[in-house]
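Report on the following structure.
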Amino acid sequence: MDQGKYLYDKQSSPDMGITDPNGRLKMLSDFGNSIDIDSNIPPRRYYRSGMEMVRMANVYLEEGSLENAYILYMKFMTLFIEKIRHHPDFATVSVTDRAINAQKLREVLPKAEKLKTRLLEQYEQEYNRYLEEQKQRELERQKREAEEIKQHEGREFPHRVKLPAQKGHTIPGTSVVVMPPVSTDDVIYPDTLELEKPGYTPKPDSLSISVPRTVPLPNVDRSTKPASLLSPSIHSKVGLRDVIVPSRLMGKFMNLAQRNTSQNIETCGILAGTLNRGRLIVTHLLVPKQNGTADSCTTQNEEEIFDYQDQHDLITLGWIHTHPSQTAFLSSVDLHTHCSYQLMMPEALAIVCAPRYEETGFFILTPHYGLDFIAKCRQTGFHPHPTEPPLYMKAEHSKLDNAAYVEVVDLRR
């Protein structure tokens, strides 16, 4: 799938091998502009997710993760200044939503501009340090090379010709100086026995030592380039940020769903939370008004969910539902339900609780196949899907936290 379809995509990063400050900034901007509209996702969902996008960007900015903040601000501006108006259902967006979004754009635009200036200054400082490091490396290389040549010459001529100082005499009546014959007694020659050894090769004369005519330009050492867009310490399996799930969340949800479960009716809830130091933390379980059957569950009055999330600055991190009489897996309907979550947030979880079999599954659509396949599938209701390659997988980026607290908000009451 086109990575631009992810609103919060963090799996693909720009090639920050470019060290030029302006080039690096352009790569960030281009990456932030790489977002497309999926006509199968209602514009209302984009407007809701856009607000969450800004919340995430603000957190990144507060934590000093300037590049991530800038990318999300750019995505937000690109989405709502250029792209959303091309959605076939754009006319259905309410006046209220458009007004709220316009106000948010007025807040984001100056933030992004200031952030752009800060990033350029940071890149210039990093680039100057990089050039200075390269200069020092080259000086050290030249120094080592000179030392090696000096040591090499010393090894080539361990013995020197020892000749005593000779004094000549002048022929009377002339200015001609006559030198005595040179004695060869003190001249040290190579051992003749050594010359007779098999395989002996004369050592090269010092004049034959090869010295580079010019100092080659140093290769760019990519290991010393300024920090890349995404720190590997932030991301784990398949490039996704960790999602921290309170261990007690599933038990609390099952207690709320007990009445439905006893009647073989599914129950669903929304996982919401915050971003902190590159990790997504589930802090709230929202249970909306809903209609359920033995194998499906549909939410109602989503406005209540949106309002609560707005009031508490929460980000949607996935959903949870029960399979009262089946095992923990994702049905064809579940796959389509989760697709809309994962298109908005690559890390979004689908948690399935199967009390009859005492199973709990944490799933995501496979990022490189299942997500694209389901997004393009136009069938509705229960329908068969191919099983190979797998359409979904275990969410290895989900982490249980036994000490974490979760607030349960039951909006059905």
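The values are calculated or read from the model by the stated rules, or taken from the named source; none is laboratory data. Given the structure is predicted, the values throughout are model-derived calculations rather than measurements. As a convention, Cβ positions derive from the backbone with ideal geometry for all residues, glycine included, and neighbour counts pool all protein chains shown.
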Extreme residue, nearest to Ser247 (Cα to Cα), among residues of region 338-367 that are buried (at least 21 other Cβ atoms within 10 Å of the Cβ) and β-branched (Val, Ile, Thr): Ile351
Strands (runs of 3 or more DSSP E) contained in region 252-363 and holding at least 2 residues farther than 30 Å from Leu72 by Cβ and modelled with pLDDT of 95 or more: 349-354
Residues of region 245-267 that turn out to be of a type in the set (A, V, I, L, M, F, W, C) and touching a Pro at 6+ places or on another chain (Cβ under 8 Å), as a count: 2
Region 21-35, subset over 17 Å from Lys75 (Cα atoms) and surrounded by fewer than 19 Cβ atoms within 10 Å (Cβ to Cβ), residue farthest from the chain's Cα centre (by Cα): Asn22
Residue count for region 33-44, restricted to those that are modelled with pLDDT of 85 or more and closer than 27 Å to Tyr130 by Cβ: 1
Residue within region 114-121 that is outside any helix (DSSP H, G or I), in the same structural domain as Tyr46 (by TED's automatic domain parsing) and surrounded by 17 or more Cβ atoms within 10 Å (Cβ to Cβ) present: no
Of the criteria (1) closer than 25 Å to Tyr47 by Cα; (2) of a type outside the set (S, T, N, Q); (3) touching a Gly at 6+ places or on another chain (Cβ under 7 Å), which one Leu391 fails: (1)
Test: residue in region 185-197 that is at pLDDT below 90, surrounded by 10 or more Cβ atoms within 10 Å (Cβ to Cβ) and of a type in the set (Ser, Thr, Tyr): no
Scope region 364-373; condition assigned to a helix (DSSP H, G or I) and touching a residue at least 24 places away in the same chain (Cβ under 8 Å); matching residues: Gly370, Leu371, Asp372
Extreme residue, farthest from Glu347 (Cα to Cα), among residues of region 226-251 that are modelled with pLDDT of 95 or more and surrounded by fewer than 16 Cβ atoms within 10 Å (Cβ to Cβ): Gly251
Residue match in region 275-286 (condition: surrounded by 15 or more Cβ atoms within 10 Å (Cβ to Cβ), under 29 Å from the mean Cα position of the chain (by Cα), within 16 Å of Val408 (Cβ to Cβ) and of a type in the set (Ser, Thr, Tyr)): yes
